[in-house]
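Below is one structure, written out as structure tokens; comments come after it.
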Amino acid sequence: MIFYIVMIALAAIGLGYTLVQMRNHPKGLYILFFAEMWERFSYYGMRALLILYLTKHFLFSDSQAYGIYGAYTTLVYMTPVIGGMLADRYLGQRKAVLFGAILLVLGHLGMAIEGEPIRDAAMRDDGIMNIFYLSLAFIIAGVGFLKPNISTIVGELYSKTDERRDGAFTLFYVGINLGAFMGAFIAGYLGETYGWKYGFGLAGIGMLAGLVVFVWGKPLLMGAGESPNPTLLAQKRAGVSTEWLIYIFTFIGVGVIWWLIRGGESSVKTLLYIVMPVVYLYIIVRAVMTLEPHARNRILAALFLITVQVLFWALFEQAGSSLNLYTDREVDRTLFGAEVPASVFQSLNAMYIIFLGPIFAGLWIWLAKRGAEPSAPAKFGLGVIQLGLGFLILVWGAKTAGTNLTPVIFIFFIYLLHTTGELCLSPVGLSAMTRLSVPNMVGLIMGAWFLASGAGNFAAAQIAKMTAGGDEGQVLEVYSNVGWMAVAAGVGLIVLSPIIKRMMHLDTLGEDTIRYNEKHGISND
């Protein structure tokens, strides 16, 4: 009980400090903050339980569970490419977010249909499994519409040269992680303690709350995220408007995603190997053929940063798979005399961000005013180094314990270092994508950002499989290898950061934006 009280108190302190910092930001940031908070509540509540649900309820082997988990998380981050492009050209970000939220409500509530526990893998009910895969498909499609576009709306609330941008995205990131904290903490606890359906069901209710907040707060967005071409959106084809055709084909797409999930990791791998090169090539061709030199170079710098995060998420996302099972099986989880469920520890990352996010947001602004803020590429390098150090400290702690269970303090340490690394990379990256892109490509670039996250999640599943079926020593050997690799890669990024920074042309960003807007008839107000 003491552990739960301390965690909630720390989260409340971080939230309070965040809301104080948000006083100097547009009111629309509050709506996006709370809408995304509830969306992440639902997503991370389900994520905290998924690998445990697969291995304990459906009795999949570790390797099979990692494959399903990897296919799911890969597709979750692939669909934003489509959602971002449809928002850019037709729907606008606000309608895309609204539609995505509806799909997510359907998916998360479907996850609450768990069926009876089974004693043998051969006894899995085909009907229940199809509902499970269909629910994942709805969640994947919903994230595709919501995830890239709500971040884009945040960017639209600020000018490209506004010094508050990085701070705003970090504050927004606190909202993301407040939801992630509550989801893993509450839904995870309910699912493991009282039944999977209660954890998944609560996640669905959380998503519904996010939908309500977003609809209610529309006026505070001040027109941000509206359709770029309402006439084209209303245009009818075969008696059906373009908007409704998008919705109809999305439901057909849900069926395709259901088929891919059922097909397993091999189908998703083939799709990823096709889609990622095509998207990269398309972005490069558009940048070279249509943009002025500085704008083109910014797009190429953005692609470099996008690629870096494949490595980051490949290691970071062990949290939901191999690290989750390691915590369940090899860690002494007793705190204040009571054993804490393994899924609850996934709330640590989010709790740290709630507490540290505002500090990092203030730190970047404080350094910027003194001309000492690291560039975005340098921040990426620092983030990757900390990620590697987290694994190395866990390995050291486990080996120090010898034949005993790993002391739980080292789980706190690995999540702390992974969190400080994440704060150097993820919110900074979101800000950089909206800053470096031109207006008619911002949804595409945000989609590519999340596509690379999908590639990272696919790579994470392959790393997790290297630990499957082995003893603690095998897991620790894998963690040691990836830890040293990350430290070396991070140092290399810091060395390269001045070159990438020059490609970003930050000194002419405001002037280039004005010229682009004038050329395309966009107001500079």
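Every number here is computed from the coordinates shown, using simple stated rules; none is lab data. Remember, predicted model here, so these are calculated numbers, not experimental data. Cβ coordinates were reconstructed from backbone atoms using ideal geometry, including for glycine residues, and neighbour counts include every protein chain displayed.
Below is a table of values for the structure above.
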read-out	value
Chymotrypsin sites (Phe, Trp or Tyr not before Pro) lying in DSSP loop within the range 294-358, provided at most 13 other Cβ fall within 10 Å	Phe336
Nearest 10 degrees, 0 to 90: helix 126-156 Cα axis against the chain principal axis	40 degrees
Charge dipole (debye, nearest 20) of the range 243-354; +1 at Cβ of Lys and Arg, -1 at Cβ of Asp and Glu	420 debye
Members of Lys147/Lys218; Lys27/Lys95; Lys95/Lys379; Lys147/Lys501; Lys269/Lys465; Lys379/Lys501 lying beyond 22 Å, as alpha-carbon distances in this model show	Lys95/Lys379; Lys147/Lys501
The range 60-114 shape via C-alpha gyration tensor axes, a/c threshold 1.5	oblate
Net charge over other residues, Cβ less than 12 angstrom from the Cβ of Ala302 (K, R count +1; D, E count -1)	+3
Extreme residue, positive dipole direction of the chain, given options Thr420, Leu157, Phe99 (C-beta unit charges)	Leu157
Assigned charges on the beta-carbon of Lys, Arg, Asp, Glu; the range 2-519 dipole about Cα centre (debye)	1260 debye
Formal net charge of residues neighbouring Met111 (Cβ-Cβ distance under 14 Å; K, R +1; D, E -1)	+1
In range of the label at Thr508: residues from the range 442-478 whose backbone nitrogen is under 11 Å from the point 7 Å along Cα→Cβ	none
Whichever lysines have a C-alpha closer than 16 Å to that of Lys197, once near sequence neighbours (fewer than 8 apart) are set aside	Lys56
FRET efficiency, Leu220 to Thr403 (Cβ-Cβ, R0 56 Å, nearest 0.05)	0.45
Paired Rg and Dmax values of the range 2-519, which use every Cα atom, in angstrom	21.9, 70
Relative contact order (%) - the chain, alpha-carbon pairs under 8 angstrom, separation at least six	26 percent
Cα gyration tensor, the range 32-82 - rounded (a/c under 1.5), prolate or oblate	oblate
Nearest 10 degrees, 0 to 90: helix 93-110 Cα axis against the chain principal axis	20 degrees
Charge-dipole axis of the chain as Lys and Arg at +1 and Asp and Glu at -1 on Cβ define it, positive-most pick from Leu305, Phe316, Tyr44	Leu305
Cut-off 14 Å between beta-carbons: net charge of the residues surrounding Val212, Lys and Arg +1, Asp and Glu -1	-1
Three-way shape call for the range 112-267 based on the alpha-carbon gyration tensor, with the a/c threshold at 1.5	oblate
Folded to 0 to 90 degrees: helix 2-21 orientation relative to the chain principal axis, Cα	10 degrees
Loop trypsin sites (Lys or Arg not before Pro), the range 28-127 (other Cβ atoms within 10 Å of the site Cβ: 12 or fewer; DSSP)	Arg119
Residue order, fewest to most surrounding Cβ atoms within 10 angstrom, among Arg164, Arg502	Arg502, Arg164
Estimated inter-spin distance, Trp484 and Thr290, nm [label 7 Å along Cα→Cβ]	4.7 nm
